[in-house]
Amino acid sequence: MFRGKAAGDTRVIEVVWNSRALKEKIRDTSYVGSLTDIVREIVTFTDSVAADKSERFFEVEMRKVARLRNDLLMNEQLIRLYLAQVAPVSFHPDFAHGDG
């Protein structure tokens, strides 16, 4: 689930991907739809009134995560390092280009 709101917006946007349904559609050799069709079928989009108009945020929530043998997905430190590189989060204080 991805949830967020820009500063000044009056709505909180939430996008939920049903990964189980996605896997089923991808594995179904008789499925005749396009990738766009799959996304339309497995993604839900909602918006709600924001409690605080000035607040801005972006959050990701993972539910019912399947455990893998090597459990890299459940390794909090590895996830933190990965997100620090690719997600819209604060820069590490040592990152030379973080102020610009």
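The values are calculated or read from the model by the stated rules, or taken from the named source; none is laboratory data. In this text the structure is predicted, and so the values were computed from the model without any measurement. Cβ coordinates were reconstructed from backbone atoms using ideal geometry, including for glycine residues, and neighbour counts include every protein chain displayed. To get the accessible areas, we keep the full protein, side chains included, count just its heavy atoms, and leave off ligands, DNA and RNA. Shrake-Rupley method; radii C 1.70, N 1.55, O 1.52, S 1.80 Å.
What to note about this one:
- Listed by chain and number, the lysines whose alpha-carbon sits under 22 Å from that of K25, ignoring those within fewer than 8 places in the same chain, are K64.
- Accessible area of I13 in the full protein assembly, 1.4 Å probe (Å², nearest 10): 60
- Taking every C-alpha pair closer than 8 Å and separated by at least 6 residues, the mean separation divided by the residue count of the chain gives a relative contact order of 31 percent.
- A87 sits among other residues whose Cβ lies under 13 Å from its own Cβ, and their net charge, with Lys and Arg +1 and Asp and Glu -1, is 0.
- The chain, helix-only ellipticity at 222 nm - DSSP H runs n ≥ 4, -39,500 (n - 2.57), divided by all residues, nearest 500: -8000 deg cm²/dmol
- Within the same chain, aspartates and glutamates fewer than 8 places from K23 are excluded, and of the rest, those with a Cα less than 13 Å from its Cα are E41.
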